[in-house]
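J.: I have a structure I would like to understand better, so I am pasting it below and will then ask my questions one at a time.
The values are calculated or read from the model by the stated rules, or taken from the named source; none is laboratory data. Just so it is clear, the model here is predicted, and its values are computed rather than measured. Every residue, glycine among them, receives a Cβ derived from its backbone with ideal geometry; neighbour counts consider all protein chains shown. Note: accessible area is taken over every heavy atom of the protein model, side chains too, but ligands, DNA and RNA are not part of it. Shrake-Rupley method; radii C 1.70, N 1.55, O 1.52, S 1.80 Å.
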Amino acid sequence: MKELIELVNKKLDEYMPIEYPESIFKAMKYTVTLKGKRLRPVMCLETVSMLGGDINKALPAACALEMLHAQSLIHDDLPCMDNDDFRRGQPSNHKVFGEANAVLAGDALLSFAPQLIIEKSSDLTDIQKLKLVHEFVKFAGAFALIAGQVADIESEKTKDWNNMQKSPEEILDYIHLNKTASLFRLSVRMGAIIANANESVLNELDEFAKKFGILFQIYDDIMDEISTFEEMGKTLGKDVKSGKLTYTTLYGLDEAKKKFSVLFDECYGTIEKYHSEIFKEIANKLKNRILGE
Ligand code: GRG
């Protein structure tokens, strides 16, 4: 996994030159290149690899995934959204570059990422590139990532859950199937397209990524309660303090851990079927932190 992370970091640096007007290119590159886990690009590359494809063909798509993820983090941290001063252990984008530049940096990443897929994926067919960009705009938009963010913001304003069409449990799953799982789905789907996988493999990996997305969000919510700023690189405990709907505020810590355990076993079944050591490494890292070794 370390080698894949280093490869992604090298390509991100290469694909993101600082040009005039420097302020926008610096703001874009700042959040993208801060130390993150690089889960989404690694999951894309590993999907290609475990399906017998060539990861070199997937590097533009993998970097585009990290750019989309960074965009969502930059916008999520803005004062009009989650209002977070820290991200990846450093001041958030708007704290360094100002709000206007942070909004523009997010917008610019969102359009640069598909540009990169089209311009740099010279080893892929036109049909593959079209499919990749289609997947990208679909999962980044109002039918997926943005839907999750909107539902999340609306859930924070909800006072009376009795008058809602859906239960808090359903709304919480809806939020994170869209806000968190969307980018994991996009990662494995893009990997499957690059490896020329058939529809049934793509659908199986898509189902895995939905479950992994919820597993990862339960991990993130539990870590918000049991971890430290140093480990997570962001301000912790805000959600619990504000009574926000999360897996731990809704179910309690013990029940959230049980849900994590059930989903972990389901995800691990798919990982074993595809013999992926890297997916095993990712899943076990999360499990060891939540359930112990
Ligand atoms: C696409 C225009 C447009 C807007 C996006 C702001 C927004 C709408 C969505 C927010 C999505 C978001 C921030 C989801 C949180 C997902 C999550 C658990 C992030 C943490 O991921 P890690 O732990 O982070 O992988 P690192 O820093 O390690 O990469």
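J.: On the given criteria, is Asp107 part of a helix (DSSP H, G or I), surrounded by fewer than 17 Cβ atoms within 10 Å (Cβ to Cβ) and within 13 Å of the ligand (Cβ to nearest atom)?
T.: yes
J.: Let me ask something else. Count, please, the residues in the range 83-92 that happen to be open to solvent by 40 Å² or more (accessible area, probe 1.4 Å) and touching an Asp or Glu at 6+ places or on another chain (Cβ under 7 Å).
T.: Counting residues in the range 83-92 that are open to solvent by 40 Å² or more (accessible area, probe 1.4 Å) and touching an Asp or Glu at 6+ places or on another chain (Cβ under 7 Å) gives 1.
J.: Going by the structure shown, is Asp76 part of a helix (DSSP H, G or I), at pLDDT 95 or above and near the ligand (Cβ under 10 Å from one of its atoms)?
T.: Yes.
J.: Listed residues Leu116, Leu34, Leu78; which is surrounded by fewer than 23 Cβ atoms within 10 Å (Cβ to Cβ), closer than 19 Å to Gly191 by Cα and hydrophobic (A, V, I, L, M, F, W, C)?
T.: Going through Leu116, Leu34, Leu78 in turn, just one is surrounded by fewer than 23 Cβ atoms within 10 Å (Cβ to Cβ), closer than 19 Å to Gly191 by Cα and hydrophobic (A, V, I, L, M, F, W, C): Leu116.
J.: Looking only at the range 168-206, which residues are surrounded by fewer than 18 Cβ atoms within 10 Å (Cβ to Cβ) and among the β-branched types (Val, Ile, Thr)?
T.: The one that is surrounded by fewer than 18 Cβ atoms within 10 Å (Cβ to Cβ) and among the β-branched types (Val, Ile, Thr): Val201.
J.: Taking the range 240-254, which residues are part of a helix (DSSP H, G or I) and buried (at least 19 other Cβ atoms within 10 Å of the Cβ)?
T.: Within the range 240-254, Tyr247, Thr248, Thr249 meet the criteria.
J.: Also, quick follow-up: Every residue in the range 21-57 that is outside any helix (DSSP H, G or I) and of a type outside the set (D, E, K, R), please. Talk me through it step by step, then tell me what you get.
T.: Here is the first cut: in the range 21-57, the residues outside any helix (DSSP H, G or I) are 21, 34-38, 51-54.
Across the range 21-57, the qualifying residues are Pro21, Leu34, Gly36, Leu51, Gly52, Gly53.
J.: Could you give every pair whose Cβ atoms fall below 7 Å, whose first residue belongs to the range 22-51 and is within 13 Å of the ligand (Cβ to nearest atom), and whose second residue is of a type in the set (Ser, Thr, Tyr) and open to solvent by less than 30 Å² (accessible area, probe 1.4 Å), counting only separations of at least 6 or pairs across chains?
T.: Arg40/Ser187; Met43/Ser187
J.: Working carefully through the options Lys95, Lys26, find the one that is more than 26 Å from Leu236 (Cβ to Cβ), open to solvent by 10 Å² or more (accessible area, probe 1.4 Å) and more than 17 Å from the chain's Cα centre (by Cα).
T.: Values: Lys95 fails: more than 26 Å from Leu236 (Cβ to Cβ).
Going through Lys95, Lys26 in turn, the sole match is Lys26.
J.: Can you say whether Ile226 is open to solvent by 50 Å² or more (accessible area, probe 1.4 Å), within 11 Å of the ligand (Cβ to nearest atom) and on the phi < 0 side of the Ramachandran plot, as far as the supplied structure shows? Before the answer, list the steps.
T.: Values: open to solvent by 50 Å² or more (accessible area, probe 1.4 Å): yes; within 11 Å of the ligand (Cβ to nearest atom): no; on the phi < 0 side of the Ramachandran plot: yes.
No; evaluated as a whole, the condition is false for this residue.
J.: Could you say whether any residue in the range 52-63 is within 10 Å of the ligand (Cβ to nearest atom) and open to solvent by 20 Å² or more (accessible area, probe 1.4 Å)?
T.: no
J.: Which pairs do you get when a residue that is over 18 Å from Ala64 (Cα atoms), found in the range 94-121, comes within reach of a residue that is of a type in the set (D, E, K, R) and surrounded by fewer than 22 Cβ atoms within 10 Å (Cβ to Cβ), reach meaning Cβ atoms under 7 angstrom, with the pair 6+ apart or on two chains?
T.: Between residues of the range 94-121 that are over 18 Å from Ala64 (Cα atoms) and residues that are of a type in the set (D, E, K, R) and surrounded by fewer than 22 Cβ atoms within 10 Å (Cβ to Cβ), the close pairs are Lys95/Asp85.
J.: Quick check on this structure: which one of Glu170, Glu231, Glu156 is within 16 Å of the ligand (Cβ to nearest atom), over 19 Å from the mean Cα position of the chain (by Cα) and assigned to a helix (DSSP H, G or I)?
T.: Just one listed residue meets the conditions, Glu156.
J.: In the range 119-153, which residues are open to solvent by less than 20 Å² (accessible area, probe 1.4 Å), closer than 19 Å to Leu12 by Cα and in a helix (DSSP H, G or I)?
T.: If the condition is that a residue be open to solvent by less than 20 Å² (accessible area, probe 1.4 Å), closer than 19 Å to Leu12 by Cα and in a helix (DSSP H, G or I), then Leu132, Phe136 are the ones that fit.
J.: Let me ask something else. Is it the case, given these coordinates, that Asn162 is open to solvent by 60 Å² or more (accessible area, probe 1.4 Å), polar (S, T, N, Q) and either touching an Asp or Glu at 6+ places or on another chain (Cβ under 8 Å) or over 19 Å from Thr246 (Cβ atoms) (or both)? Show your work before the answer.
T.: Numbers: open to solvent by 60 Å² or more (accessible area, probe 1.4 Å): yes; polar (S, T, N, Q): yes; either touching an Asp or Glu at 6+ places or on another chain (Cβ under 8 Å) or over 19 Å from Thr246 (Cβ atoms) (or both): yes.
Yes, satisfied.
J.: For the range 62-99, which residues satisfy the criterion of being farther than 30 Å from Ile118 by Cα and of a type in the set (D, E, K, R)?
T.: Of everything in the range 62-99, those that are farther than 30 Å from Ile118 by Cα and of a type in the set (D, E, K, R) turn out to be Asp82, Asp84, Asp85, Lys95.
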